[in-house]
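The structure under discussion appears below in the form of structure tokens.
What follows is calculated from the coordinates using simple rules that are stated; it is not laboratory data. Quick caveat: nothing in here was measured; it's all calculated off a predicted structure. Here Cβ is always computed from backbone atoms with ideal geometry, including for glycine, and neighbour counts include all displayed protein chains.
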Amino acid sequence: MSILPTAAKQEIPAFFSQDDSCPQCKSHRYLNSSMKLLVGPCYDKMCEGCVHRIFDAGPAPCPECGRILRKNEFYQQVFEDVTVENEVRIRARMATAYNKRQTDFKTLKDYNDYLEMVEDLTMKLLSGEDTDLIEEIIEKYKRENKALIESNLTKQQREEKIQRMILNQEKSKRQQMREEYLKQLAEEEREKTEAKNSLINALATSDKSAKEIIKTRTVQLKKSSLSNRNSNRRAQLEIEALLKSATEGLDDDDEEMAEDVDDGPFDPSESPYEPAKITLREKYDDPTPVFRQGNLAAAGVTREIHYRYLLEGAMAGLFELPLADKTDEASN
Amino acid sequence: MSSEKPPLFKQTSQYRDWRFTPESLAQQRAANNKKGIERVLQGLREEAQVDDDPSMSETRINEAKNNLLTPSEELELVDYYLQMVHVYALTYKRNGLLKPDAVNNVKATAINFIKRFYIHNVVFDYPPKSIMLTCFYLATKVENAFVKIDDFIRPLQSAEMKRGGKAQTKNEDILDLEFVVIQSLQFELAAHHPYRPAYGFYLDMQAYIEDKGLLKEVYEKTQSYIDQSLYTDLVFFYQPSQIALGAFKLAAKDKDLDIDPYLTQCFEARLLESLYTILDDIQDIVSNRNPTAVDKAREIDRKLILCRNPEKNPNSKLYKKKVADQGEVPYQSDSE
Amino acid sequence: MTATEAVFGEDINKETESLYKKQRKLGEGTYAVVYQGQHIKTGRTVAIKKIKVGNMRSGLDMSAIREVKALQELRHPNVIELVDVFSHKTNLNLVLEYLDTDLEIVIKEKNLVFMPADIKSWMMMALRGLDHCHKCWLLHRDLKPNNLLIASDGQLKLADFGLARDFGDVKRAMTSNTVTRWYRAPELLLGATNYTGAIDIWAMGCIFAELLLRAPYLPGDSDIEQLTTIFKARGTPTEEEWPGMSKLPAGFKFDKYPRPQFSDLFQGASEDALVLMNLMLTFNPTNRISAGDALRHPYFSNMPRPTKPAKLSRPKKEQAAEIAADGEMANNEDSRKRQFKDAFSDDDVFGSRPMIAGQANNATAAGGGGGGGGGDGPANKRMDMRISSPA
């Protein structure tokens, strides 16, 4: 029955010792291994069963110190030191109510004042003085700032969710990259050895002149993804170097080849801009009825063009950050 | 190998030259206002020398000093005329001069032009009413919805006559300002609006949102939030696609639809982090928009009459003298 | 932190104007005057196109607006660069990069010999420029050799965006009365009021053919004749080949011509060149190849490699001036006859483009409001080519 919200998520094991026994009912862990010892705000302990027994009907005095308590004020101990436990609990509770952020304040000073105010209240709660009064103050604050607290809570949950997603995505990305890399490495090796072997074979077995063989043996490495182009290029250069050394001293008709090699990689559709990235689906429920008439399609205006136009518009600059001010003036 | 190639939207003039931070925008407007006021007083002093009645001039200068507009008053006045753009758009649509499918673009471009105009001008030199009409007219040309000037003027004149006056607005009132306007726009005429991205999002979301009927309602509601966003300075801070998404979120909230699943499933979390902050800001600004009421606009307009810069006022003695000095045909106008 | 300074539109304009000085007149028409100019500080040579606005009844001319709007958004090595814009009194001045010749001159210059690799190079540069425009959802709508200007380093650039407009929004109707007749796509001739980049590709196909033939490929005498010319040269399309063809506004019955053997006319053209050209001249616009796909076609990656721009053949300066002068003389008389009337059509936005002006402009400098690239015929044939102003 832990009230600590974060503790539950992180599954911190509850603190316990073999000697635990409930001062009320005298049951011992030795006899009941699953006994749960709970602690109250007055630092007195009792087992879960006794808590239910004594406080189910409503607020009642603690059997040890007499302080009026409620059932939900009892919690499972996480820290060895009970005072630490209590403080952690209280601070967590304060944080759910007092969750304003620096951006909610006009000046840094206002934010600092707020933080101090919260700390004062927390200290009072910890010391145990005026607890009822403090609780009232907290309740009042919660009422007055309900909307802001909720929205900040949503923001916080969203941020946590995003953080988790980021971690997951990065993990899987790293894994993917690693697999890709290993695959590429193996491919490269294979292609190199294959090309070398076949060339050597041809040189050894055929009766054509070495020069001819080399000329006709244009290395065609598999057209794989763009990312492989680099490794293909490297492999190709290696093979060309091999060819060059093989033809050295044969004939000086290398000029033609040199020109082709000289031009190197050439992409006719090269553009100085990054292409637009969208996901185009087959069918959409489209509010524009224009396509019912036949004359649009006859002039080449297809649904695809229409969707592409709209989707590109939606994705353009979607993640672009706004301009930032050149000088950040801290108002202190 | 990372791609160092820029995406296409970064080449648009809107991205290159019309982006500001809230602070830099405010500072620019404040600096213009200050300089504008200097010029008004300078102009009045110059006119005093041309005028025959010196005591009148003293009174005029004092009147002007007591009725100068602050930068925020300038903004409020312009805001009122931005709202008028919507009214005029509907009028022209009713008269068949503006096709329904062109209305959004013409309206949004006109509003955008007016706002941009006043980043490089002050209302003391150019009162918003005429500028608004000229920007509207220019927008019909830019957005391929051209209206001949005679047809354009007619509804304006008939409205004036209905109000019991005579037909005052003339072709020249609008055409003469075309150059001033286009100069202040730095000759950059392509404006991008949130309507197209919103439509795109509506299509893209269909694969992720179960309730298609509700999504359609949300999309329809988004249009009005986009209309609202046009009056704000959002277009100078963020991209049209972001504003569209912010408007979508507002509409979705109204109709109790959660579009978060779409965002988290489609986009990388790292990118979403900053996007959420941007969307919050957009929703904030659109919801908190404060349109200028007609009385406030009238009040400011009355002040403006007293502090208008005579150097740029075709009806002032100073203007007429300057034109005569340059040896050109003086501009004769009966209109206000 | 430096304080923000006030910025007023008129001051920006004055400052821009002061950056340039006009040097000599390069050409003139009713629409614009083109000067050679210079950026005073850097010494860069520019072309300053001064558009006369004063005599337009409806204010700023649509053509000027289209051109300024389009060029401000396009930055690409194969699209003409709009360096600056300023206004002086009632004139609009476009400062453009200086380009001294164009593809029309190159084609007509008899002394110039070009190789298949040269043609490939020009086509590649033109398609790259066009692909960029289409990616920005912009149609050029007036492609012809006259409007493909060539820089001193051999780079080819698309110019004259006076008819350009954006596309993609299917709800907005457009005029079908666009593009110079000989280069006009069939869907336009059949009256389509909404179309795509395919119309520019058709024009590119015609230009491709013209480069191969060194003469215009589809020179029709009138708008009606143009369709017949096309069908005679390419065969009449069937409804099967082009579904919906009859649904287009002017889709009436035509004589059936057979599809000829293209290799007969285009002797010496490589097979892949013909294949690509035919893909660009497909009747059905949906099946017509796009600019991007055309660039990815094997024609461009096959041997021979496109000639490097610097090595492309170009006319000498005197030859260029001669051809330009011919054009201007034939037009001046006609331009005096034509009154500059307000010819904006009723429900669409096709501004009256003074087709006469700019022949000279194009020949020697950055795009003027060009008229047709005429053939080798007598002067009156050239005049017929212009798009007739809507009544």
Contact order relative to length of the stretch B:1-88, as percent, for alpha carbon pairs under 8 angstrom and 6 or more apart: 22 percent
Report the calculated FRET efficiency for A:ASP130 and A:SER33 (r = Cβ-Cβ distance, R0 = 30 Å), to the nearest 0.05. 0.15
5 Å is the cut-off here: which amide hydrogens, built 1.01 Å from N in the peptide plane, fall below it relative to C:GLY37, excluding neighbours closer than 5 in sequence? C:GLN23, C:VAL46, C:ALA47, C:ILE48
Can you check what the Kirkwood hydrodynamic radius comes to for the stretch B:195-287, Cα pairs only, in Å to one decimal? 13.1 Å
³J(HN,Hα) across the stretch A:266-276 via Karplus (A = 6.51, B = -1.76, C = 1.60, θ = phi - 60°), whole Hz, x for Gly/Pro? 9, 10, x, 9, 5, 9, x, 10, 7, x, 6
Neighbour-count ranking for C:HIS39, B:HIS193 (other C-beta within 10 angstrom, fewest to most) reads C:HIS39, B:HIS193
With equal scatterers on the alpha carbons only and no solvent term, can you work out the Debye log10 of I(q)/I(0) for the stretch B:233-336 at 0.13, 0.19, 0.20, 0.24 1/Å? -0.68, -0.97, -1.03, -1.24
FRET efficiency, 1/(1 + (r/R0)^6) with R0 41 Å, evaluated for C:HIS39 and C:MET115 via beta carbons: 0.70
Just flag the chymotrypsin sites (Phe, Trp or Tyr not before Pro) in the stretch B:228-336 sitting in loop per DSSP whose Cβ has no more than 16 other Cβ atoms within 10 Å. B:PHE267, B:TYR331
In straight Cα distance, which lysines are under 16 Å from B:LYS255, not counting same-chain residues fewer than 8 positions off? B:LYS212, B:LYS216, B:LYS221
Can you pull the one-decimal nm distance between simple spin-label points at B:ASP254 and B:ALA159, each 7 Å off the Cα toward Cβ? 2.5 nm
Could you list, in their original order, any pairs among B:LYS99/B:LYS148; A:LYS100/A:LYS140; A:LYS142/B:LYS253; B:LYS170/C:LYS49; B:LYS107/B:LYS253; B:LYS107/B:LYS141 whose Cα atoms are separated by more than 19 Å? A:LYS142/B:LYS253; B:LYS170/C:LYS49; B:LYS107/B:LYS253
Under the rule rounded for a/c under 1.5, else prolate if a/b exceeds b/c, else oblate, using alpha carbon gyration tensor axes a ≥ b ≥ c, chain B is classed as prolate
List the pair-distance distribution P(r) of the stretch B:195-236, using every Cα-Cα distance, as the percent of pairs falling in each 5 Å bin from 0 up to the bin containing the longest distance, rounded to whole percents. 6, 21, 27, 21, 13, 8, 4
Cα-projected label distance for B:VAL50 with A:GLN176, points at 7 Å along beta-carbon direction, nm: 7.0 nm
Could you run the Karplus curve 6.51 cos²θ - 1.76 cosθ + 1.60 with θ = phi - 60° over the stretch B:116-126 and give me ³J(HN,Hα) per residue in whole Hz, x for Gly and Pro? 5, 4, 7, 7, 10, 7, 10, 5, 4, 7, 9
Provide the FRET efficiency to the nearest 0.05 for the B:ALA324-B:ASN290 pair, computing r from the beta carbons and using R0 = 41 Å. 0.35
List every residue whose amide H lies under 5 Å from the amide H of C:VAL85, counting only residues 5 or more places away in sequence or on a different chain, with H placed 1.01 Å from N in the peptide plane. C:VAL95
So what are the ³J(HN,Hα) numbers for the stretch C:4-13, from phi and the Karplus equation (6.51, -1.76, 1.60; θ = phi - 60°), rounded to whole Hz, Gly and Pro as x? 6, 9, 5, 10, 10, x, 5, 5, 4, 4
Restricting to lysine pairs 8 or more places apart or on different chains, what number in the stretch C:101-311 have Cα atoms under 14 Å apart? 5
Sparse-neighbour loop sites [chymotrypsin sites (Phe, Trp or Tyr not before Pro); the stretch C:155-224; at most 12 other C-beta within 10 Å; DSSP]: none
Can you give the average number of partner chain beta-carbon atoms within 10 Å of each beta-carbon in peptide B:4-16, as a whole number? 6
What does the average come to when, for each residue of peptide B:277-289, you count the partner chain Cβ atoms lying within 10 Å of its Cβ? 1
Roughly how many debye, to the nearest 20, is the charge dipole of the stretch B:71-209 about its Cα centre, given +1 on each Lys and Arg Cβ, -1 on each Asp and Glu Cβ, and no other charges? 580 debye
Most to least packed among A:136-147, B:168-179 [average Cβ atoms within 10 Å]: B:168-179, A:136-147
Angle, helix B:149-162 long axis vs. longest principal axis of chain B, Cα atoms, 0 to 90°, nearest 10? 70 degrees
Normalised contact order of chain B, rounded percent, pairs of Cα under 8 Å and 6 or more residues apart: 25 percent
Name the residue farthest towards the positive end of the dipole of chain B from the options B:MET84, B:ALA30, B:PHE146, assuming +1 on Cβ of Lys and Arg, -1 on Cβ of Asp and Glu, about the Cα centre. B:PHE146
Quick one: Cα centre-to-centre distance for the stretch C:254-319 and the stretch A:141-182, in angstrom? 54 Å
Considering the zone a paramagnetic label at B:ASP101 would reach in this model (a point 7 Å from Cα along the Cα-to-Cβ line), which residues of the stretch C:140-173 have amide N under 20 Å from it? C:140-141, C:164-173
Residues whose placed amide H lies under 5 Å from that of C:THR282, excluding near-sequence neighbours: C:ILE289
